[in-house]
Amino acid sequence: MGLAQTYELWRELMLQGDASWWQEFFVRFYQAFLENNRWQQYLEGVGTTLLVTAMALILGVVLGVVVAMVRTAHDQQRPGQRNFLLGVINFICKVYVTVIRGTPMMVQILIMGLVIFASSRNFTMVGTLTLGINSGAYVAEIIRGGLMSLDPGQMEAGRSLGLNYLDTMRFIVIPQAFKAILPALGNEFIILLKDTSMISVIGGQELIYFARNILNRTFDAMFPLVGSACIYLVLVLIFTWLQGKLERRLRQSDRR
Amino acid sequence: MIDVKNLSKSFGDNLVLDHIDQHIYPGEKVVVIGPSGSGKSTFLRCLNLLEIPTAGTITFDGVEVTDPKADIDKIRQQMGMVFQHFNLFPNMTIRKNITLAPVQTKLMSQAEADDTATTLLKRVGLTEKADAYPAQLSGGQKQRIAIVRALAMKPKLMLFDEPTSALDPEMVGEVLEVMKELAVGGMTMVVVTHEMGFAREVGSRVLFMDEGHVMEEGKPEDIFSRPQNPRLQEFLSKVLH
Ligand SMILES: Nc1ncnc2c1ncn2[C@@H]1O[C@H](COP(=O)(O)OP(=O)(O)O)[C@@H](O)[C@H]1O
Ligand SMILES: [Mg+2]
């Protein structure tokens, strides 16, 4: 007897109220994941989730690096020699970080989807853009903190050897700052991965979007939602493991 | 070798160096002493432009360092600097610490730089630490490496800012020993230090700084045996007990 036939049989039992708990469990599981090859929808959702995460991450890191550079350059100016243009750009960056960090992600997604890009039909793209802009503000603060935490003596030592600013950044400052911020950056990445679920409120077609479609068809909330939760958990565990490996490799130089 | 004219530096309203004129000749070992906060570090850091002077000019080997168009990286390549807190690069092995600058500034190929590192490490007795990371070294070892790292650029002049002040007492000797050898080898040196024994033994000229001025200067025997300035007398009575 195949799975499909078993399902039909037990579903009858269930409708008559005669099914045991494990038969009902199977029926609901089958409906949530196997019927009409629904697992393909989850797979597609996971694919979109990962793609949205990756694109938002790239946008977030680019924005974060730029904003962190502007703010660090501005703060490192010598008193009395402040550059006006840099001051203006720094002010814009500050407003950006303040607004993003001061308002809920959900509100940002709704405003982007229903106000700013109200006419756009590409909901996933609008959602990705929002996530990237949001993440950029947090990444900027993480990078800025990393650069500020580094002993200024490192930059001075590099420059005193005759290395130029860029080489000193490249070989000395950035590798150390990167190592220092990696845990926070990993954390931000994980938050981003989970926050992709919110773009479904404006029609972004990631994992939760499909899960909700399925629950609307089968009238069963538990299996699609708990199933999605498990998928997120597995993804997060995989990335946490990878991050741990990377951190262990970078910690090589701390051996005593 | 270095000509300092009318050098002033202030941080905000705080005038830290007040019209300093100095000339440092090739082969000289100038030792700078003075109370904390008197501007010794600032003076040293102005020489390689880690601090930008507020006024005055500094000329190094005929090149005006303070000229905004000067190639400061080129100039710094010829002036080594050793810091109080070593400032080794913790993310690199000792060998990489030493070879990074010579290779990146195209002074040497990687192979030449590696040879230089090996030779220098041998000179300070730390050959076996080449592949260690700074975190695995003692303070005295770190400072000897910092000196070697600066020497790898084959500088014409070495600046030392209290190189032994952050060390445990038992490690001071090994660092001073390396500096003495360097002095005997003919290196031009400017050393800020509280090690009066070193000043007396190695210095060819001692500068006493106080409140942004060079209050008194002269041969070590004069400075230490016949101090003229009352501030210097007071300072020496404190540091020599
Ligand atoms: N980056 C800086 N910003 C502001 N003030 C500084 C800075 N560096 C040094 N100073 C001030 O300059 C004075 C001289 O400092 P410094 O040259 O370090 O003295 P020393 O090395 O003789 O102890 C001190 O009063 C110190 O507070
Ligand atoms: Mg000092």
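Values in this text are rule-based calculations from the coordinates and carry no lab data. Please read all numbers here as calculations on a predicted model, not as lab measurements. Note that we place each Cβ from the backbone using ideal geometry, even for glycine, and neighbour counts take in every protein chain shown.
The mean number of Cβ atoms from other chains found within 10 Å of a Cβ in peptide A:143-155 is 1, as a whole number. Rounded to the nearest 20 debye, the dipole magnitude of region A:1-63 is 240 debye, with +1 charges on Lys and Arg beta carbons, -1 on Asp and Glu beta carbons, and the Cα centre as origin.
Residue by residue along B:150-157, Cβ atoms of other protein chains within 10 Å of the local Cβ number 1 on average.
Put the Cα centre of region A:122-183 next to the Cα centre of region A:219-246 and the gap is 29 Å. By the count of neighbouring beta-carbon atoms within 10 Å, fewest first, A:Ile172, A:Ile100, A:Ile199 end up ordered A:Ile100, A:Ile172, A:Ile199.
Taking label positions 7 Å along the Cα-Cβ direction at both B:Thr57 and A:Leu150, the computed distance is 3.6 nm, reported to one decimal.
Over all distinct Cα-Cα pairs of chain A, the Kirkwood formula returns a hydrodynamic radius of 21.5 Å. Over chain B, Cα pairs under 8 Å with separation of 6+ residues give a relative contact order of 26 percent.
Once the Cα atoms of helix A:174-195 and of chain A are each reduced to a long axis, what angle between those two axes, in degrees from 0 to 90 to the nearest 10, is obtained? Here the helix axis deviates by roughly 30 degrees. Remark: for residue pairs B:Lys5/B:Lys40; B:Lys9/B:Lys96; B:Lys40/B:Lys156; A:Lys179/B:Lys180; B:Lys40/B:Lys122, the C-alpha separation exceeds 27 Å in B:Lys9/B:Lys96; A:Lys179/B:Lys180; B:Lys40/B:Lys122. A straight chain from B:Lys122 to B:Glu181 at 0.36 nm per residue would run longer than the Cα-Cα distance by 19.9 nm. Close amide H contacts of B:Leu157 (hydrogens built in the peptide plane, cut-off under 5 Å, sequence separation of 5 or more or a different chain): B:Gly80. Sequentially through region B:214-224, phi angles give Karplus couplings (6.51, -1.76, 1.60; θ = phi - 60°) of 7, 6, 7, 8, x, 5, x, 5, 5, 4, 7 Hz, Gly and Pro residues having no value and appearing as x. Over chain A, DSSP H runs of length four or greater, each weighted -39,500 (n - 2.57), average out per residue to a 222 nm ellipticity of -25000 deg cm²/dmol. Three semi-axes describe the equivalent ellipsoid of the protein assembly as shown; taken as square roots of 5 times the Cα gyration tensor eigenvalues and ordered largest first, they are 65, 26, 18 Å. Net charge of the neighbourhood of A:Arg71, taken over other residues with C-beta under 15 Å away and scored Lys/Arg +1, Asp/Glu -1, is +2. Contact order for chain A, expressed relative to its length and based on alpha carbon pairs under 8 Å spaced 6+ residues apart, stands at 26 percent. The loop-placed chymotrypsin sites (Phe, Trp or Tyr not before Pro) in region A:194-240, going by DSSP, that have at most 12 neighbouring Cβ atoms within 10 Å of their Cβ come out as A:Phe219. Helix B:139-151 sits at what angle to the longest principal axis of chain B, using alpha carbons and giving 0 to 90 degrees rounded to 10? Helix B:139-151 sits roughly 90 degrees off the main axis of chain B.
Summing Cβ point charges (Lys, Arg +1; Asp, Glu -1) relative to the Cα centre of the protein assembly as shown gives a dipole of roughly 660 debye.
Ordering A:Val126, A:Val62, B:Val175 from the fewest to the most neighbouring beta carbons within 10 Å gives A:Val62, A:Val126, B:Val175.
Among the residues of A:162-172, the average count of other protein chain beta-carbon atoms within 10 Å of the residue beta-carbon is 5. By other beta-carbon atoms within 10 Å, ranking A:Thr48, B:Thr93, A:Thr72 with the fewest at the front produces A:Thr72, B:Thr93, A:Thr48. Overall, chain B carries a charge dipole of about 500 debye about its Cα centre when +1 sits on the Cβ of Lys and Arg and -1 on the Cβ of Asp and Glu, all other atoms neutral. Between A:Ala184 and A:Lys245, the contour length at 0.36 nm per residue exceeds the alpha carbon distance by 20.4 nm. A Förster distance of 60 Å, applied to the separation of the beta-carbon atoms of A:Trp22 and A:Asn83, puts the FRET efficiency at 0.25.
Here is the size of chain B from its Cα atoms: Rg then Dmax, 17.9, 55 Å.
Note on region A:51-255: dipole from Cβ charges, positive end direction compared against A:Ile191, A:Val115, A:Met169; the farthest Cα belongs to A:Met169. Taking label positions 7 Å along the Cα-Cβ direction at both B:Lys219 and B:Gln110, the computed distance is 5.2 nm, reported to one decimal.
Put simply, when B:181-192, B:147-158 are sorted by average Cβ atoms within 10 angstrom per residue, most first, you get B:147-158, B:181-192.
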